[in-house]
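Visitor: Sharing a structure here in structure tokens format.
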Amino acid sequence: MGEANIQQTHQGMSIAAEPIYQIKDFTIVNSLLTAWLAVLVIVVLAISIRSKIALVPQGFQNLMEAVLEGALNFADSITGSREKTLKFAPIVLPLFLFILINNWLGILPGVGSIGFWSQEDGVTLFVPFFRSGMADLNMTLALAIMVVVATHIVGIVWTGAWKHINRFIPINLILEIPRKIFKERDFTVLFVNPIKFFVGLVEVVGELAKTASLSLRLFGNVLAGEILLGVMASIFAYFTPIPFLFLELFVGLIQALIFSILTLVFLNMMSHGHEEAH
Amino acid sequence: MNNPIVETFHLDWRLMLAQLINFGIVVLVLWFFALKPLSKKMQERARMIEKGLADAKESAERLAEAEKERKEIIQEARRQAQKILVEMDQNANQERGQILAKAEIEAERLSEEGKKQIETEKKQTIQQIKKEVADLVALATQKVLSGEVTEKIDAEVIQKALQEAERELKK
């Protein structure tokens, strides 16, 4: 086996999720399987919470309430009001849990190590059945696009469509030029407003950058973690990966937290007017 | 699919959609099965605790009010009792005074009446004695004149008449 072969068959983790099964045009990849598993875990968790909810909390409910209360208090410090927090919570809390469960499932023994060998272009590839859901750009990009779209919906609903559009394409600045010149005799608008207009256009680029940074940060961190664990296991399979497993548990939590906090920050920013936000 | 980024990362809109559907399921399940009922129950509990605290505060206030009222009633009752006692004392004193005054007047009246009666009786007795003495004198005179009376008899008769007169006076 050549050097390239070794890279791809042993430690070599593909940058893209590997296909497991094909249903007509649709390819089921291993990250999708993990995502389904994560959904299953969350459904079981949610149903078990539902079945244990009582007016006088005990055990598990106490823990869940403490977590929920802590999360809401933390979100309050970002949004500034409980009312807003409760409006954003249905998106942000599930996002956090979904990313967290996906990240942690990726560290479980068997995920990434149980699979099958497949031949592709004459190269033998190891294809694991499961791969962390967030180690697939399809997943992180989908979530990032969803978040950015959600922020724009919030912006339109909370501040109004005209105000929201002017945040990115400041048509109002162009429209106010004649009024400023002829009524207020303010000729500085001839220089200032076009600059402001182009600054506004930069925000559009910022939105694209937001999508890219959200998705690539999460994808890169999780993928790097998986590769790190693979490399450590290949160096010495016993004991060496243990500290890195803990590190990955931490990284999984931090990345879930970063993604959801950024989502909350973006949602909160869009819910203010442009002037208020600055 | 000529875009190198799309090829490198195997970007596929159907996979993205599938992942979004997964996330949608997570949102729905978590919201309707866990977060909503949990936060509802927490709010319900918070409301109950708030109500309980408010009730307890109200009860304490009512208790304090009742205690105050009780003290006021007791104080009023004591004040009334004291007033009644003072009034009764005053009445009793007044009545005693009246009774005493009445008794004194009555005693005075009885004493006056007694004196008057004694005086009357005394006058009547003297009158009667005078009459009897006159009768005796007349009788004695008659006996003396008729010679029936000796010196000895005369003395006895006189003695007898004096004794009778003395007895009458003692009455």
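Visitor: Just to compare against my own numbers: the Cα pair-distance distribution for region B:67-114, 5 Å bins, whole % per bin, please.
Guide: P(r) for region B:67-114, in whole percents per bin: 6, 17, 13, 10, 10, 9, 7, 7, 5, 5, 4, 3, 1, 0.
Visitor: Partner chain Cβ atoms within 10 Å, averaged over the residues of A:157-168 - can you pull that number for me?
Guide: Mean shielding count: 0.
Visitor: Rounded to a whole number of µm²/s, how large is the Stokes-Einstein D of chain A at 37 °C and 0.692 mPa s, given Rh as the Kirkwood radius over C-alpha pairs?
Guide: For the chosen part, D equals 150 µm²/s.
Visitor: May I pose another question? Provide the buried accessible surface between chains B and A in square angstrom, both chains summed, 1.4 Å probe, rounded to the nearest 100.
Guide: Protein heavy atoms only, the B-A interface buries about 3500 Å².
Visitor: Something else: Could you state how much accessible area B:T141 has, in square angstrom rounded to the nearest 10, with a 1.4 Å probe and all protein chains kept in place?
Guide: In the full protein context, B:T141 sits at about 60 Å².
Visitor: According to the square roots a ≥ b ≥ c of the eigenvalues of the Cα gyration tensor, what is the shape class of chain B, taking rounded for a/c under 1.5, prolate for a/b larger than b/c otherwise, and oblate for the remainder?
Guide: prolate
Visitor: Return one number: the angle in degrees, 0 to 90 and rounded to the nearest 10, between the long axis of the Cα atoms of helix A:30-52 and the longest principal axis of the Cα atoms of chain A.
Guide: 80 degrees
Visitor: A further question on this structure: In peptide A:93-102, what is the residue-averaged number of other protein chain Cβ atoms found within 10 Å of each Cβ?
Guide: Partner-chain Cβ atoms within 10 Å, mean over residues of A:93-102: 4.
Visitor: Can you figure out the FRET efficiency of B:A56 with A:V43, using R₀ = 51 Å and their beta-carbon distance, to the nearest 0.05?
Guide: Here the calculated transfer efficiency is 0.75.
Visitor: Shape verdict for region A:74-138, please, from the Cα gyration tensor: rounded (a/c under 1.5), prolate (a/b greater than b/c) or oblate.
Guide: Since a/c reaches 1.5 and a/b is larger than b/c, the shape of region A:74-138 is classed as prolate.
Visitor: Here's something else I'd like to know. So which trypsin sites (Lys or Arg not before Pro) in region A:21-119 pass both tests, a DSSP loop state and at most 11 other Cβ atoms within 10 Å of the Cβ?
Guide: Passing both the DSSP loop test and the Cβ count: A:K24.
Visitor: Report the residues of region A:141-176 in range of a label on A:V199: point 7 Å along Cα→C-beta, backbone N strictly under 20 Å from it.
Guide: Label zone hits: A:163-176.
Visitor: Considering only Cα-Cα distances, which of the following residue pairs are longer than 32 Å: A:K87/A:K163; A:K24/A:K210; B:K51/B:K71; B:K102/B:K130; A:K84/A:K196?
Guide: In this structure, A:K24/A:K210; B:K102/B:K130 lie more than 32 Å apart at Cα.
Visitor: Identify the GluC sites (Glu not before Pro) of region B:109-171 meeting these criteria: DSSP loop state and at most 12 other C-beta atoms within 10 Å of the C-beta.
Guide: B:E148
Visitor: Also: Antiparallel as a % of all DSSP beta bridges within chain A, to the nearest 5?
Guide: Restricted to chain A, the bridges split so that about 100 percent are antiparallel.
Visitor: Just to confirm the number: angle between the C-alpha axis of helix A:241-271 and the first principal axis of chain A, 0 to 90 degrees, nearest 10?
Guide: 20 degrees
Visitor: I need the shape label for region A:32-169. Rule: rounded when a/c is under 1.5, else prolate if a/b > b/c, else oblate, with a, b, c from the alpha carbon gyration tensor.
Guide: oblate
Visitor: Hey, another quick one. When the label point is put 7 Å from the Cα of A:I169 along its Cα-to-beta-carbon vector, which residues of region A:198-218 have a backbone N closer than 15 Å?
Guide: In region A:198-218, the label zone of A:I169 (backbone N under 15 Å from the point 7 Å along Cα→Cβ) covers A:198-205.
Visitor: Mind ordering A:136-143, A:203-210, B:36-43 by average Cβ neighbours within 10 Å, highest first?
Guide: A:136-143, B:36-43, A:203-210
Visitor: Kindly state, to the nearest 0.05, the FRET efficiency for A:V231 paired with B:F32, given R0 = 41 Å and r defined as their beta-carbon distance.
Guide: Efficiency, rounded to the nearest 0.05: 0.45.
Visitor: Same structure, new question: Highest first, please rank the peptides A:211-217, B:123-129 by the mean number of other Cβ atoms sitting within 10 Å of their residues.
Guide: Listed from highest to lowest mean packing, they are A:211-217, B:123-129.
Visitor: Okay, next question. Can you pull the one-decimal nm distance between simple spin-label points at B:L100 and B:L139, each 7 Å off the Cα toward Cβ?
Guide: If labels sit at B:L100 and B:L139, their model points lie 5.7 nm apart.
Visitor: For peptide A:61-71, what's the mean number of Cβ atoms from other chains within 10 Å of each residue's Cβ?
Guide: 2
The values are calculated or read from the model by the stated rules, or taken from the named source; none is laboratory data. Source: prediction; values computed, not measured. Note that we place each Cβ from the backbone using ideal geometry, even for glycine, and neighbour counts take in every protein chain shown. These area figures cover heavy atoms from the full protein model, side chains too; ligands, DNA and RNA do not enter into them. Shrake-Rupley method; radii C 1.70, N 1.55, O 1.52, S 1.80 Å.
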